[in-house]
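Trainee: So that we are looking at the same thing, I have put the structure below in structure tokens.
The values are calculated or read from the model by the stated rules, or taken from the named source; none is laboratory data. Quantities reported herein were computed from a predicted structural model and do not represent experimental measurements. Here Cβ is always computed from backbone atoms with ideal geometry, including for glycine, and neighbour counts include all displayed protein chains. Note: accessible area is taken over every heavy atom of the protein model, side chains too, but ligands, DNA and RNA are not part of it. Shrake-Rupley method; radii C 1.70, N 1.55, O 1.52, S 1.80 Å.
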Number of protein chains: 4
Amino acid sequence: MSSVTSAGTAVRPLRKDAERNRALILGAAREVYAAQGLDAGFDEIARAAGVGVGTVYRRFPERGDLVEALFEQEIDAVVARVEQAAADPDPWRGLGDFLRWGAEAQAADRGLAQVLAAAGRGHERVAAGRDRLRPAVEALVRHAQQAGVLRDDVTEVDLGIALAMISQLGDAGSSDLRDRYVTLVLDGLAVRRDGPTPLPPAQPSEDDLACVVAPARRHR
Amino acid sequence: MSSVTSAGTAVRPLRKDAERNRALILGAAREVYAAQGLDAGFDEIARAAGVGVGTVYRRFPERGDLVEALFEQEIDAVVARVEQAAADPDPWRGLGDFLRWGAEAQAADRGLAQVLAAAGRGHERVAAGRDRLRPAVEALVRHAQQAGVLRDDVTEVDLGIALAMISQLGDAGSSDLRDRYVTLVLDGLAVRRDGPTPLPPAQPSEDDLACVVAPARRHR
Amino acid sequence: MSSVTSAGTAVRPLRKDAERNRALILGAAREVYAAQGLDAGFDEIARAAGVGVGTVYRRFPERGDLVEALFEQEIDAVVARVEQAAADPDPWRGLGDFLRWGAEAQAADRGLAQVLAAAGRGHERVAAGRDRLRPAVEALVRHAQQAGVLRDDVTEVDLGIALAMISQLGDAGSSDLRDRYVTLVLDGLAVRRDGPTPLPPAQPSEDDLACVVAPARRHR
Amino acid sequence: MSSVTSAGTAVRPLRKDAERNRALILGAAREVYAAQGLDAGFDEIARAAGVGVGTVYRRFPERGDLVEALFEQEIDAVVARVEQAAADPDPWRGLGDFLRWGAEAQAADRGLAQVLAAAGRGHERVAAGRDRLRPAVEALVRHAQQAGVLRDDVTEVDLGIALAMISQLGDAGSSDLRDRYVTLVLDGLAVRRDGPTPLPPAQPSEDDLACVVAPARRHR
DNA sequence: AATGAATGAGCTTTCATTCAT
DNA sequence: GATGAATGAAAGCTCATTCAT
């Protein structure tokens with residue numbers, strides 16, 4: 001049990017110092033990626049972690065490995081938060097919380113925004129994280145639609161895209177500002193007495209989400 | 001007349017060949033920036049223009065100079081389009097056209113999207129362009145609000161930000177997809193029978209627009 | 001004519017300064033490769049040439065380009081020398097000169113030895129040089145055999161291999177020492193009154209030459 | 001006995017597991033050096049031995065220490081083989097066996113070839129091995145010369161160098177190919193009815209053997 | 001004593017900017 | 001004024017050796 005990662009692969013546990021460095025690196029990467037996005041160099045992360053570059057490469061031989069290891073954790077947190085929103089007895093409030101919190105999280109972390117936008121293109125475990133995310137968002141959508149508060153012609157993907165749009169209100173944008181547009185978008189999503197304007201096209205695909213810009217560095 | 005740039009500063013007129021090169025460079029930059037965004041190197045622009053890099057540097061010593069010269073023109077086109085939308089006898093249709101066309105234009109031109117998002121941060125003349133843009137958008141907003149179709153608590157800045165959000169649905173996003181979110185956002189903007197949800201905060205400032213990400217190249 | 005390289009491809013002549021640097025680089029490469037072999041880094045060559053690394057990369061984008069450009073010249077010199085040996089009215093003396101001079105040249109230039117040993121594996125123009133070399137050595141062999149001084153069961157390839165063997169008597173070996181073994185090998189090659197010992201196998205192929213060690217750096 | 005290494009220096013006996021590791025490392029080094037030459041990294045040897053790199057460094061602090069320990073053994077085998085050849089009642093056959101077998105052995109073991117070529121330059125105990133080798137080769141030479149089949153002007157050093165030359169016909173060369181050049185060189189070494197060509201210089205020194213290339217790793 | 005993690009120098013390659021021609 | 005060659009800093013990655021566990 002203790003020698004099993006969250007991915008389920010049995011591995012020998014790292015030596016204590018190695019584990020400490022691994023944690024230092026992940027911590028540094030979190031900060032650096034949050035501040036600069038995924039283009040940040042290993043050099044900078046190593047410096048921030050107080051270890052040599054070689055150590056980063058030893059622990060994460062492929063650049064993607066670090067991204068995966070880091071955002072696997074982060075996405076787990078996102079999933080938990082979304083599930084919590086989906087469980088809200090007031091589905092509309094849950095929807096709002098989802099958008100607000102999601103926008104907040106991505107605004108505070110450029111790396112997270114890039115990873116979510118790229119939908120784990122090339123990141124197996126991140127993509128797996130997205131797969132865990134999806135049912136939660138679907139539940140959110142279903143509940144709100146069943147409660148008659150969310151228009152019927154939007155899907156789980158629309159919600160993801162709406163979130164991505166709001167999240168572009170970058171790092172510098174104040175929390176208030178994001179709230180303003182969350183509200184505005186929510187109003188667009190709400191069921192209207194006079195009925196919503198029909199949305200073209202019928203069904204955006206999961207891949208459409210990946211079109212949202214801010215593409216992560218191309219991993220060779 | 002010939003010894004005056006469009007910005008109004010008196011300069012010695014360029015030699016004829018220099019003038020020709022300037023035009024070649026601007027043309028090339030338009031294409032390159034549209035395709036790759038403002039991070040594209042001068043090298044590439046020079047190649048596309050069929051001149052040496054040195055020539056580009058001589059004509060536009062600072063990277064910003066080229067951006068300014070180029071997008072001053074482009075923004076003029078945007079202004080014209082917005083004024084046309086503002087003149088539409090059907091203000092709601094004008095609003096829709098503004099968003100649709102704006103999103104389209106930015107999707108087709110990554111550089112334009114970056115410039116508009118950055119709101120001319122550091123680009124004096126681009127900022128001036130935005131100042132010409134503002135009254136047109138204000139007119140658009142005023143007309144639609146007077147006609148009772150646009151909620152009263154949104155401003156021209158909100159409209160700019162809404163456009164920026166939609167425009168983030170990058171180059172790869174299909175026109176249909178953009179339309180979908182234009183529609184959705186428009187529904188959020190529309191006056192509702194049951195009244196809109198109040199928007200926080202009261203008044204986003206002009207500078208808030210600059211928070212929209214897609215940041216220009218980081219200058220060391 | 002003046003704008004044509006020795007390979008026959010028409011190119012625009014380099015600017016004077018570029019040409020000067022190209023020459024500096026080739027000169028430096030000659031020395032560095034001679035002393036250290038083809039594994040030497042571009043950094044070192046640049047330093048020896050007194051130019052920046054970037055310049056070396058500009059002029060020779062692929063590592064192989066520099067090797068080719070350099071040894072194309074060198075091999076031309078080798079070819080000339082071998083042709084001269086083949087033209088000697090005394091074929092046996094020609095043979096001796098070939099071995100002596102060839103061994104000398106390779107002992108003085110580790111790079112040349114590597115290039116000749118690798119037989120231009122991956123170096124188009126070097127291989128072409130070898131192709132020009134071959135007929136000259138064949139003539140040498142033929143003349144000596146027709147004169148009845150060289151045993152009939154050796155071929156052009158055998159001569160190449162014999163040369164390679166002697167050339168391994170490295171850089172430090174004195175000229176006298178090499179002469180000693182040239183003489184010894186020549187005695188093995190000479191027609192003997194009591195007849196030579198038959199040589200297995202019948203026909204070494206051209207590729208066998210490439211088996212001689214000292215393999216050049218693997219070019220990616 | 002157990003507290004004395006084969007070199008005769010008194011040392012505290014190794015712990016049993018240390019002794020086992022030492023053996024594992026030597027076995028692995030034999031294989032790795034044979035395949036890749038002496039440039040192989042300690043890392044690779046450690047992996048092949050199934051121990052950590054640190055262990056290799058502890059056991060053999062200097063790279064040379066491992067080479068010495070390993071080839072001291074190997075050279076003993078060579079010495080035995082040469083003595084056997086020297087004992088052959090047919091001295092010419094003994095000579096042929098020596099060259100053939102020596103070339104074969106070096107072709108099969110790049111490390112051995114490098115060590116013999118470097119003649120123990122900087123390897124005290126390997127040099128000592130060569131000292132044991134020398135009388136055997138001298139006997140070989142003496143017998144063959146006394147039998148009138150080997151020319152009188154060659155020495156045991158010449159034989160070593162001849163062997164080194166042939167051995168350069170690297171790992172890839174077929175056994176047949178090596179035989180071809182063994183034969184050719186033997187013909188050069190044989191007494192000729194019409195008398196041999198005199199060899200310059202009179203006496204190659206022992207050190208001349210070290211000039212044969214295939215230099216060991218360059219120590220920075 | 002054994003381990004393999006950590007180190008950091010070194011080499012490669014690219015590219016924005018300057019400058020000789 | 002135009003050119004594109006030259007520059008050198010920077011980023012990526014590897015690997016021989018040391019050292020904490």
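Trainee: What does the buried accessible surface come to for D and C, summed over both chains, with the probe at 1.4 Å? Round to 100 Å².
Mentor: Interface between D and C: roughly 3700 Å².
Trainee: Moving to a separate point now. Considering the rotational relationship between chains C and B, which residue of chain C contributes the beta-carbon of minimal distance to the axis, and what is that distance to the nearest Å?
Mentor: Nearest Cβ to that rotation axis, in whole Å: C:54, 4.
Trainee: Using the Cα centre of segment B:13-61 as the reference point, and only Cβ charges (+1 on K/R, -1 on D/E), how large is the resulting charge dipole? Debye, rounded to the nearest 20.
Mentor: Numbers: 8 positive and 6 negative charges, 64 e Å.
I would put it at about 300 debye.
Trainee: If you wrap a convex hull around the C-alpha atoms of segment D:55-117 and split its volume per residue, what is the figure in Å³?
Mentor: Numbers: hull volume 4.4 nm³, N = 63.
Taking the convex hull of the Cα positions in segment D:55-117, it is 70 Å³ per residue.
Trainee: I need the inter-copy label distances for residue C:138: point set 7 Å along Cα to C-beta, values in nm with one decimal, smallest first.
Mentor: 5.0, 7.4, 8.9
Trainee: As an exercise, use a Förster radius of 51 Å and the Cβ-Cβ distance of residue C:108 and residue B:134 to find the FRET efficiency, rounded to the nearest 0.05.
Mentor: That gives a FRET efficiency of 0.10.
Trainee: Another question, then. List the distances, in nm and shortest first, from the label point of residue D:36 to the matching label points in every other copy, placing each point 7 Å from Cα along the Cα-to-Cβ direction.
Mentor: For residue D:36, the inter-copy label distances come out at 2.2, 3.3, 4.0 nm.
Trainee: Take residue A:83 and residue D:80, extend 7 Å from each Cα along the Cα→Cβ direction, and tell me the distance between the two endpoints in nm.
Mentor: The two pseudo-label positions are separated by 6.9 nm.
Trainee: Excluding residue C:188 itself, calculate the net charge of residues whose Cβ lies under 9 Å from the Cβ of residue C:188, where each Lys or Arg counts +1 and each Asp or Glu counts -1.
Mentor: -1
Trainee: Now a separate question. Averaged over peptide B:159-169, how many Cβ atoms belonging to another chain are found within 10 Å of each residue's Cβ?
Mentor: Across B:159-169, the average partner-chain Cβ count within 10 Å equals 5.
Trainee: Can you work out ³J(HN,Hα) from phi for every residue in segment B:35-48, in order, using Karplus 6.51 cos²θ - 1.76 cosθ + 1.60 and θ = phi - 60°, giving whole Hz and x for Gly and Pro?
Mentor: 7, 10, x, 6, 6, 4, x, 4, 3, 5, 5, 4, 4, 4
Trainee: Provide an ascending nm list, one decimal, of label-point separations from residue C:76 to the equivalent residue in each further copy; define each label point as 7 Å from Cα along Cα→Cβ.
Mentor: Nearest first, the other copies' label points are 5.7, 5.8, 6.7 nm away.
Trainee: Quick one: what does P(r) look like for segment A:12-61 with 5 Å bins over all Cα pairs, in whole %?
Mentor: 5, 24, 33, 23, 10, 5, 1
Trainee: I would also like to ask the following. Tell me, what is the FRET efficiency for residue A:127 and residue C:73 to the nearest 0.05, using R0 = 56 angstrom and their Cβ-Cβ distance as r?
Mentor: E between residue A:127 and residue C:73, to the nearest 0.05, is 0.55.
Trainee: Using the Karplus curve 6.51 cos²θ - 1.76 cosθ + 1.60 with θ = phi - 60°, work out ³J(HN,Hα) for each residue of segment D:84-100 in order, rounded to whole Hz, and write x for Gly and Pro.
Mentor: Once θ is set to phi - 60°, the couplings for segment D:84-100 become 4, 4, 5, 8, 4, x, 9, x, 5, 5, x, 4, x, 4, 4, 5, 4 Hz.
Trainee: Hey, another quick one. Amide H neighbours of residue B:150 under 5 Å, at least 5 residues apart or on other chains, H built in the peptide plane: list them.
Mentor: HN-HN under 5 Å from residue B:150: B:145, B:191.
Trainee: Now a separate question. Once segment C:57-170 is represented by equal point scatterers at the alpha-carbon sites, with solvent omitted, what log10 I(q)/I(0) does the Debye formula produce at q = 0.11, 0.15, 0.16 Å⁻¹?
Mentor: Values, matching the q order: -0.36, -0.63, -0.71.
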